[in-house]
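Asks: I have a structure here, written as structure tokens, and I will follow up with some questions on it.
The values are calculated or read from the model by the stated rules, or taken from the named source; none is laboratory data. Because the structure is predicted, anything quoted here is derived from the model rather than measured. Cβ coordinates were reconstructed from backbone atoms using ideal geometry, including for glycine residues, and neighbour counts include every protein chain displayed.
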Amino acid sequence: MQLAGILSSLLLATQALALVRRGAPVDAPTALKCAFVIDFEQGADGHAILAEHLAGKGLKWSERTSINNKFANFVSVQLEGDCQDAATIFEGLSRATSFSSVTSRPGPQPLKSDKKDVPFSDELYHSITGVNDARNKLGLTGKGVTVAIIDTGVYYLHPALGGGIGKGFKVIGGYDLVGDAYSIADPTITPDNDPIDNCSDDSHGTHVAGIVAADARNITTPGYVPAVPFTGVAYEANLLAYRVFGCPADSTASDVMAAAIYRAADDGADLINLSIGGGPNYPEEVDTIAAEVVGRSGHFVMASAGNSGAKGIQVTGNPSNSHGGFSVASFDSTVTPSPYSLIDDEPYFYGLGSNNANFVEGESLDIVVNDLTADETDLQNDGATNLSKVAKGKALLLRWGATTQGGSSKRCGYALAAGASHCILYGNTDDMVGIAGNAGLPSMFLSRAGGLALIAKVKAGGKPSFIFTTKQKPYKIPTAGTISSFSSPGLSLDLEIKPDFGGLGGQVYSTVSDHAAQHAKSPDSYGTKSGTSMASPYAAGVAALLLEQKKNKKPSFEDLRAILQNTASPRSIFKTESFNSVAYQGAGLLNAYYAGQAVSIVTPSAIALKDTDNFKSSVVLTIRNDASEDVTYRFRSFSAATVNAYNTGDDFTLDATTLTFTEDQQASVQFSNSAVTVAKGKSAQVTVLFSAPEALTPYPIYSGYLQIIPSNQENIIHVPYAGVVGSYKNKAIWSRKSPSLATRWGKQYGLTEANVATGLYADLDFNPLSQNAVINATVGAGVMAVASSTSRGGFIEIVPYVARPSKRSNDLEAAGFNTSAPIYVRLTDLVTEGNPSSPGVFVPMQRNGYSGTSPVVPPTIWAFTGVAYDANGNPALLPSGNYRMKFSAVRNLASASSTKDEDYDIIMSPPFRLVDGAAPVASSSASIASSTATSTQVATSASTASTAAPSGSAATGSSAATGSSAATGSSAATGSVAPTGSVAPTGSVAPTGSVAPTGSVAPTGSVAPSASGSASPSSTSVPVVIASPTYAAPAPATPTPQPSNLYKAGAVSTFGSVFAAIVGAALMF
């Protein structure tokens, strides 16, 4: 059997007598309603088998997409009617090996995009990645290597991309898997043979393609002439284009992506780029498995790590988490195009306010300086009390100051109040800041140098000349070569090292379509974008250069990974001498030249030391010498910064603004040999002994790099290692205590530390529930389900609490409930408009954050109104009686199919008596009630439940309500409206029986140890989106922190809507 077939058989393994379920259940928040992928044995006619099988069940269906090649054989179907009991529908399906729900994937959204860009030269752009040396010294250009771009399509008519498609062109082929109209609103698939994209506003795929292989030299066609010629990383590589988004580019699906991956591999792609993904997840969805199957078969997959860096640790997304793919982090580029205006004929950089950028090209502004001494006196609130009285009709210059004194809208509001025609804020440091400005007048942030030049001219008695222009020139980025603020860090949820390495993704100039250029009002078809979406194709380009170098003997997946990681360059934290954590940069920034000349390979090329319970104290390195001479290798190591993502006494995961990097809590490393000589063509082994550090904070991530120094090459080989101190499995999934969550999120709702903890509360005022208290179903009671870590599944169920269990079972069964399976509660969202409802089933359950949008969102404030899901999956009022509410979540490193209590983080409420009575006065909780339904409204929703529910049948074990139009993929199981942009794919595992254990009494020892912190995964429903409150952050952990590189506060935020846009952006990769 061929390697691809063997891998496919292993990864899609089946049981002889049972059809295996993989991936997300039908009720997962991103599951498309009644859409399934069915895998078949190689050689089986899946379409014919399905037609006969489904006809026998009287079901109508249509094919979404299918693949039948050496890598995979599957058919994706759309069923009509009721499809909740999927296991029964596909039971007995001949020659089928597994099935899974189709899940949505969000469309790409650029983090930042500049108009009318002037690119920088290749010499600057490609210098820190070794690409220039690989070209000039090794002659590598990517020639003979084929890279597939799976994205929004490619505008191959662009001259820099060859001007056509087919033999003899740069883009040699491809396929449109969805059609122009495919979107959240219309998920109908209409494939065709033309992968062109000249209709998406962002032109994401064309930009990605240009990063890999554009050649914008010697172009004379109007509209396509760049201001400065440039080239992609591997500009002589061939491209294949696979379109998986329609013109709206707002959504695709896991089956479509899997089909594209298998098709690209079968079409001969050497490399496949996936600048698509979601939030924290497990690598168990159909597209992530596809990446592993083809990747280990020699068709290597590069995937963006994600843009959730603001959320803190462990947020790399699928498909980059694939065990057979490469997760790519983003590093900031060296220079970026920046606009400038002329002050007395000298250029000074600026950025325009996003609320009002209505400056006119060539306009001469009459400048009034609000306070000539503001800079020398370090005035922080210029304009607040000293507003100029002579600014009417003129451009008022104000000094930027501490944000505690107000932002750009408030400061430019001063200019508006003074009657100014324009607001110009100049920097109080040498760094640039992206601003919103004030909608009432054109607003600008001017460099400090520009502001001081204006002040100096006025002080000298002159009148400065200020000419606004949109011309641009290269601006050197002070954060060059450091991890981009938005780049998603690892480790993976199973503590593997992700991301694997990084490429340039911050401020990358590349090609766009004519439509996108017109949409952006750009004079030419080029643009600058940022994201791991840009870093991934950069890495694909570097890999293409390496494959060209290795054309006589294509490396295996393991060898390619080893070469790229061995030769990457670990980089430091911005403004420090400490190396950034492996959790953020993996092996470091790729270096094409070092990779191209590598003749030594060290494996494993990355070492996951895991946690305390699974600690790898001894690792054997294998050193292979492919040189034509004997080589001596010496050994040493160094530590990287330790990431402190939890505070003692607070189990919520800290975000980028509050976590710290320290130089303590570092592992000790010893080598069995100080040096070893390896004969040419031979291998040798060296043992490395690790000792984990003592923890000073809960669950610190420590890391570092082994150094292997060859005698025959200039670069040092690096092998990253990383681990976590503490019992990761015993780390709480449900949050129990978080002062920081209460301060930064709960305060706006009047919630305190005492009532942001996971659990059932006595009432809608969130008072503590006492033993044997009475809960009136008509009134409702508060529920908090705060996830402190991402889990393969979270479940909230009702458990009878009586002396005679048989009687309670009889009462429940008489009311239509199935007592042989978990009885999941129905929860009502108290904050989101419309008060949508959701089953207490979240698979997977992504951790919560303090604020922001998908994929890491704040908790939801829930109400329980005595409603649960009956045996038919319908919401029904529970009979009066004594109950407990059980919160269960699959523990870290545990199987989703486990039925053992020790594999679940369990919280049991005190026993309570549920009654159903007349509705009294509404809750007096002003802080919550002010933005929620009244008690009566909540009660009404309890009796008119309409949310689709999880099946209560023992056959399926668990299933949640789809609640919303699953086909859109844009809303969660609750049916609540998703934030603009769409919901991150959850890509989870829920094999048959993936339910919480059903025992009526939970172990009392389920609380995490006192030294542990626990993060909070978001429920897979979509809660209300709330702006980040401005409350003070909690005190830092005991170790003295170094400045976080995540926001690079005070660094360049480059122009207009630049780094300011990063924090709010959701999912462009």
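Asks: Please tell me if residue 817 is aromatic (Phe, Trp, Tyr) and either touching a helix residue (DSSP H, G or I) at 6+ places or on another chain (Cβ under 6 Å) or in the same structural domain as residue 312 (by TED's automatic domain parsing) (or both).
Replies: When the stated conditions are applied, residue 817 does not pass them.
Asks: Shifting gears a bit: Going through the stretch 531-560 one residue at a time, which ones are surrounded by 24 or more Cβ atoms within 10 Å (Cβ to Cβ) and of a type outside the set (A, V, I, L, M, F, W, C)?
Replies: Correct list: 531, 532, 533, 536, 537, 538, 541.
Asks: What do you reckon, is residue 267 among the acidic types (Asp, Glu), under 25 Å from residue 162 (Cβ atoms), in contact with a strand residue (DSSP E or B) (Cβ under 8 Å, 6 or more places away or on another chain) and surrounded by 24 or more Cβ atoms within 10 Å (Cβ to Cβ)?
Replies: No: the conditions fail for residue 267.
Asks: How many residues does the stretch 571-601 hold that are over 15 Å from residue 332 (Cα atoms) and either in a loop (DSSP other than H, G, I, E, B) or more than 25 Å from the chain's Cα centre (by Cα) (or both)?
Replies: So the answer is 16.
Asks: Could you please find all residues in the stretch 547-568 being out of contact with any Ser or Thr (no Cβ under 7 Å at 6 or more places or on another chain) and free of Cβ contacts under 8 Å to residues at least 60 places away in the same chain?
Replies: Passing the criteria: 550, 552, 553, 555, 559, 563.
Okay, residues lined up against (1) over 14 Å from residue 780 (Cα atoms); (2) charged (D, E, K, R):
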{"site": "864", "(1), (2)": "no, no"}
{"site": "869", "(1), (2)": "yes, no"}
{"site": "874", "(1), (2)": "yes, no"}
{"site": "893", "(1), (2)": "yes, no"}
{"site": "896", "(1), (2)": "yes, no"}
{"site": "903", "(1), (2)": "yes, yes"}
{"site": "913", "(1), (2)": "no, yes"}
{"site": "917", "(1), (2)": "no, no"}
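Asks: If I ask for residues that are of a type outside the set (A, V, I, L, M) and more than 28 Å from the chain's Cα centre (by Cα), which ones from the stretch 659-683 would you list?
Replies: 664, 668, 670, 671, 672, 673, 674, 677, 680, 681, 682, 683
Asks: What are the residues in the stretch 37-69 that are of a type in the set (D, E, K, R), surrounded by fewer than 18 Cβ atoms within 10 Å (Cβ to Cβ) and modelled with pLDDT of 85 or more, if any?
Replies: 41, 45, 52, 60, 63
Asks: Would you check which residues across the stretch 744-753 are touching a helix residue (DSSP H, G or I) at 6+ places or on another chain (Cβ under 8 Å) and assigned to a helix (DSSP H, G or I) and list them?
Replies: 746, 748, 749, 753
Asks: So, in the stretch 469-502, of the ones that are surrounded by fewer than 19 Cβ atoms within 10 Å (Cβ to Cβ) and among the acidic types (Asp, Glu), which residue ends up farthest from residue 595 (Cα to Cα)?
Replies: Across the stretch 469-502, the extreme among qualifying residues is 494.
Asks: Here is a follow-up. Name the residues in the stretch 472-493 that are touching a Pro at 6+ places or on another chain (Cβ under 9 Å) and assigned to a strand (DSSP E or B), would you?
Replies: The answer is 472, 473, 474, 475, 483.
Asks: Within the stretch 484-507, count every residue that is modelled with pLDDT of 95 or more, more than 23 Å from residue 526 (Cα to Cα) and either outside the structural domain of residue 310 (by TED's automatic domain parsing) or not aliphatic (A, V, I, L, M) (or both).
Replies: 12
Asks: Restricting to the stretch 369-378, give me the number of residues that are touching a strand residue (DSSP E or B) at 6+ places or on another chain (Cβ under 8 Å) and either surrounded by fewer than 21 Cβ atoms within 10 Å (Cβ to Cβ) or outside the structural domain of residue 466 (by TED's automatic domain parsing) (or both).
Replies: 2
Asks: Here is a further query. Could you list, in sequence order, the residues of the stretch 375-393 that are of a type outside the set (S, T, N, Q), more than 16 Å from residue 445 (Cα to Cα) and touching a residue at least 12 places away in the same chain (Cβ under 8 Å)?
Replies: Answer for the stretch 375-393, where residues must be of a type outside the set (S, T, N, Q), more than 16 Å from residue 445 (Cα to Cα) and touching a residue at least 12 places away in the same chain (Cβ under 8 Å): 378, 379, 384, 387, 389, 390, 391, 392, 393.
Asks: Where residues in the stretch 875-895 are under 38 Å from the mean Cα position of the chain (by Cα) and under 14 Å from residue 799 (Cβ atoms), which of them is surrounded by the fewest Cβ atoms within 10 Å (Cβ to Cβ)?
Replies: 884
Asks: Sort through 451, 505 and tell me the only one that's crowded, with 19+ Cβ neighbours inside 10 Å, within 16 Å of residue 344 (Cα to Cα) and not polar (S, T, N, Q).
Replies: Only one candidate qualifies: 451.
Asks: Where in the stretch 382-453 are there strands (runs of 3 or more DSSP E), lying fully within it, with 3 or more residues that are farther than 18 Å from residue 468 by Cβ?
Replies: none
Asks: Looking at (1) assigned to a strand (DSSP E or B); (2) within 16 Å of residue 774 (Cβ to Cβ), which one does residue 867 not meet, given that it meets all the others?
Replies: Only one criterion is unmet by residue 867, namely (2).
Asks: Conditions first: (1) touching a Gly at 6+ places or on another chain (Cβ under 6 Å); (2) buried (at least 22 other Cβ atoms within 10 Å of the Cβ). Residue 190 passes all but one, so which condition is the exception?
Replies: (2)
Asks: Another question, then. Name the residues in the stretch 740-785 that are in contact with a Lys or Arg (Cβ under 9 Å, 6 or more places away or on another chain) and hydroxyl-bearing (Ser, Thr, Tyr), would you?
Replies: 758, the sole residue that qualifies.
Asks: Please work out if residue 336 is in a loop (DSSP other than H, G, I, E, B) and β-branched (Val, Ile, Thr).
Replies: In short, no.
This table checks each residue for (1) in a strand (DSSP E or B); (2) buried (at least 24 other Cβ atoms within 10 Å of the Cβ); (3) within 11 Å of the chain's Cα centre (by Cα).
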residue	(1), (2), (3)
249	no, yes, no
255	no, yes, no
293	no, yes, no
319	no, yes, yes
323	no, no, no
331	yes, yes, no
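This table checks each residue for (1) surrounded by fewer than 19 Cβ atoms within 10 Å (Cβ to Cβ); (2) touching a Phe, Trp or Tyr at 6+ places or on another chain (Cβ under 7 Å); (3) of a type in the set (D, E, K, R); (4) in a strand (DSSP E or B).
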| position | (1), (2), (3), (4) |
| --- | --- |
| 637 | no, yes, no, yes |
| 658 | no, no, no, no |
| 661 | no, no, no, yes |
| 664 | yes, no, yes, no |
| 677 | yes, no, no, yes |
| 694 | yes, no, yes, no |
| 697 | no, yes, no, no |
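Asks: Right, another one. Within the stretch 535-570, restricting attention to residues that are acidic (Asp, Glu) and more than 18 Å from residue 234 (Cα to Cα), which residue is farthest from the chain's Cα centre (by Cα)?
Replies: Only one residue fits best here, namely 559.
Asks: Looking only at the stretch 196-225, how many residues end up being assigned to a loop (DSSP other than H, G, I, E, B) and within 26 Å of the chain's Cα centre (by Cα)?
Replies: Number satisfying all stated conditions: 6.
Asks: For residues in the stretch 241-254 being under 21 Å from residue 101 (Cβ atoms) and touching a helix residue (DSSP H, G or I) at 6+ places or on another chain (Cβ under 6 Å), which is modelled with the lowest pLDDT?
Replies: The selected residue is 254.
Asks: When the residues of the stretch 315-360 are narrowed to those that are modelled with pLDDT of 90 or more and among the β-branched types (Val, Ile, Thr), which ends up farthest from residue 493 (Cα to Cα)?
Replies: Here the answer is 343.
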